[in-house]
Amino acid sequence: MGKKRKNNKRKKNLAEIIRTDVWDLAIKPEEKQQLIMTVEEYRRFLKPLVLIINAQWVKLAELSLKETVAAIEKIIHKTADNPEPKHNYYQKVVYKYPSFRKFPSYLRRAAIADAIGIVSSFQTRYREWQSGKRSKRDAKPPRLTAMCNSYPSLYKGQQIRYGLNYSSVDIKVWNGKDWVWIKKIPVKGHGNNRHLIANNEMQSPALVVNKKTCQLSIPVKILKVNKEESDYVCAIDIGINSSSVCSIVDIKGTVKARLFINPARDIDQRNQRRMMIAHKSKQTKARIGKDKKLPKGFCKGLYRKSSNINLEIARKISKRIIEFANFHKVKVIVIENLKGWKAKAGRKKSLTKQKFHLWCHRKIFETLTQRWSELGGIVQAVNPKYTSAYAYDGSGKVKRNKNNYSIAKFPSGKFYQADLSASYNIAARYWYCVLIGDSTFSRVFVDRNSTNKSRTPITLGTLWGLSAS
């Protein structure tokens, strides 16, 4: 029985993914004020718990989360079975804040669990600092942040109730005197609607309220599924001129479909902000002097908007890629491994340099990996070397058009879209590594031995040669 339970736990850990959806609430001003008061009351309740748990950490460190919550509740909370709690400090806090006597039990346990996480993180960072694991040699020791900007978790039925089809919610709030229900708060949006997918399980949401936003942050436990194996892969080339070029290629080098993704409107909006920043920077430098630094917080709003638009571009591209891969029923998406890559081209402050600076290839890779894994797919990174430099037909190095860098001229005299050719080579590199059994997917050249011959990079033509032989 014990072995079966362990195996079941392992299967559950492998099969579960946690993702968070954000639900926007349409709240009235007076109701929002009560929600803000609820968050403030929760943080006020949380602060002494952090100090208590940190003081008792030597005794609590070896216990499980459930045991730790029960132990803390016993030393602070007065009940008929526990008439004299051991911790005197907390009784002084309760005397100072009488509203703590009315604090809901489920919210109290959520606050204790939150405080345990805060203290555990601090203790881990402090031990690492003591052992010499520091970002800098003279780094100061980490500090325990007692007044944390945490948001309360709402347990279903106790602090939150869902309306029909999740179109509205009821939330239990602190109005300054008592805990009351705000009923039928309309939900404006459900994020990615992960809660509607079969076998997905909603967890307790966090109430995120401040001056600007009023949301529910809802973790969703996703049951991971495995996609069916396919004879094709979706190869992605993330370019500078075209945001993304996709192609569906099989193991013999047959190209089934192609897709160009270029959200021009978003790119124009982002570039407009950058041009505004450059213009304002030029005006400010003329006023304060070219040698002086720009003031702190210069064009903060424009930088933020530009960054947010870039993030939206990455999300839109990822969504289009997933739709394309789903339509052609592939399991594997192949992409170049550009982690840590830095562009050398372009002079400082030039347009080319700016293009590389705003290139969001890592964000696309991260977003694509997260979303595709939810659907049971695999994102595989391959070595990017020479994928764009060589023609997909194996004829040799390409020459770029000076007037239009996205056009490549093959040694055979053929003109072709450079990024599309690169996407074919990316797919070929994946299939070649599968055929020779290279699990690292780092292979670049067909031949491994260093000889006097010039080494041939893997291209789509390589697969054609293999299938012909």
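The values are calculated or read from the model by the stated rules, or taken from the named source; none is laboratory data. The structure presented is a predicted model; accordingly, all values stated were derived computationally and were not measured. So basically every Cβ, Gly included, is an ideal-geometry build from the backbone, and we count neighbours across all protein chains shown. Accessible surface is based on the protein model in full, side chains and every heavy atom, while ligands, DNA and RNA are left aside. Shrake-Rupley method; radii C 1.70, N 1.55, O 1.52, S 1.80 Å.
Return the only residue of LYS385, LYS402 being surrounded by fewer than 20 Cβ atoms within 10 Å (Cβ to Cβ), of a type in the set (Lys, Arg), within 31 Å of the chain's Cα centre (by Cα) and not in a helix (DSSP H, G or I).
Of the residues listed, the single one that is surrounded by fewer than 20 Cβ atoms within 10 Å (Cβ to Cβ), of a type in the set (Lys, Arg), within 31 Å of the chain's Cα centre (by Cα) and not in a helix (DSSP H, G or I) is LYS385.
Please work out if LYS252 is open to solvent by 40 Å² or more (accessible area, probe 1.4 Å), in contact (Cβ under 8 Å) with a residue 40 or more places away in the chain and in contact with a helix residue (DSSP H, G or I) (Cβ under 6 Å, 6 or more places away or on another chain). Spell out how you get there, then give the answer.
Values: open to solvent by 40 Å² or more (accessible area, probe 1.4 Å): yes; in contact (Cβ under 8 Å) with a residue 40 or more places away in the chain: yes; in contact with a helix residue (DSSP H, G or I) (Cβ under 6 Å, 6 or more places away or on another chain): yes.
Here the answer is yes, as LYS252 does meet what is asked.
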Check your understanding: Would you pick out the residues in region 276-287 that are at pLDDT below 90 and surrounded by 12 or more Cβ atoms within 10 Å (Cβ to Cβ)?
Key -> ILE277, ALA278, SER281, LYS285
Exercise for review: Pick out the one residue from ASN54, ASN82 that is more than 39 Å from the chain's Cα centre (by Cα), of a type in the set (S, T, N, Q) and open to solvent by less than 50 Å² (accessible area, probe 1.4 Å).
Suggested key: ASN82
Point to revise | Out of LYS59, LYS92, LYS47, sole residue that is closer than 27 Å to LEU207 by Cα, of a type in the set (Lys, Arg) and assigned to a helix (DSSP H, G or I) | key: LYS47
Review point. When ILE236 is evaluated against the numbered criteria (1) surrounded by fewer than 15 Cβ atoms within 10 Å (Cβ to Cβ); (2) aliphatic (A, V, I, L, M); (3) under 26 Å from ILE321 (Cα atoms), which criterion, by number, is the only one it fails?
Key: (1)
Practice item. Please indicate, with yes or no, whether at least one residue in region 177-198 is in contact with a helix residue (DSSP H, G or I) (Cβ under 6 Å, 6 or more places away or on another chain), of a type outside the set (Val, Ile, Thr) and not in a strand (DSSP E or B). Key: no
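If I ask for residues that are in a helix (DSSP H, G or I) and open to solvent by 30 Å² or more (accessible area, probe 1.4 Å), which ones from region 62-72 would you list? Break it down into steps so the answer makes sense when it comes.
Step one: filter region 62-72 for residues in a helix (DSSP H, G or I), giving 65-72.
Passing the criteria: LEU65, LYS66, GLU67, ALA70, ALA71.
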Study note, to complete from the structure: Over region 129-187, the set of residues in contact (Cβ under 8 Å) with a residue 40 or more places away in the chain, farther than 23 Å from LYS102 by Cβ and touching a Phe, Trp or Tyr at 6+ places or on another chain (Cβ under 7 Å) is LEU144, VAL187
Check your understanding: So how many residues does region 293-319 have that are of a type in the set (Lys, Arg) and surrounded by 12 or more Cβ atoms within 10 Å (Cβ to Cβ)?
Key -> 4
Revision key, fill the gap. Exactly one of ILE112, ILE116 is in contact with a Ser or Thr (Cβ under 6 Å, 6 or more places away or on another chain) and either open to solvent by 40 Å² or more (accessible area, probe 1.4 Å) or in a helix (DSSP H, G or I) (or both), and that one is ILE116
Point to revise | Count - residues of region 320-336 that are out of contact with any Lys or Arg (no Cβ under 6 Å at 6 or more places or on another chain), in a loop (DSSP other than H, G, I, E, B) and surrounded by 15 or more Cβ atoms within 10 Å (Cβ to Cβ) | key: 2
Review point. Cβ-Cβ below 8 Å, separation at least six or inter-chain, first residue in region 188-202 and within 13 Å of GLU374 (Cα to Cα) and touching a residue at least 60 places away in the same chain (Cβ under 8 Å), second assigned to a loop (DSSP other than H, G, I, E, B) and open to solvent by less than 50 Å² (accessible area, probe 1.4 Å): which pairs?
Key: ARG194/ASN200
Check your understanding: Does ARG273 satisfy the condition of being free of Cβ contacts under 8 Å to residues at least 60 places away in the same chain and either within 28 Å of the chain's Cα centre (by Cα) or open to solvent by 70 Å² or more (accessible area, probe 1.4 Å) (or both)?
Key -> yes
Practice item. Out of the residues in region 143-191 that are of a type in the set (Lys, Arg) and over 22 Å from TYR106 (Cα atoms), state the one that is surrounded by the fewest Cβ atoms within 10 Å (Cβ to Cβ). Key: ARG143
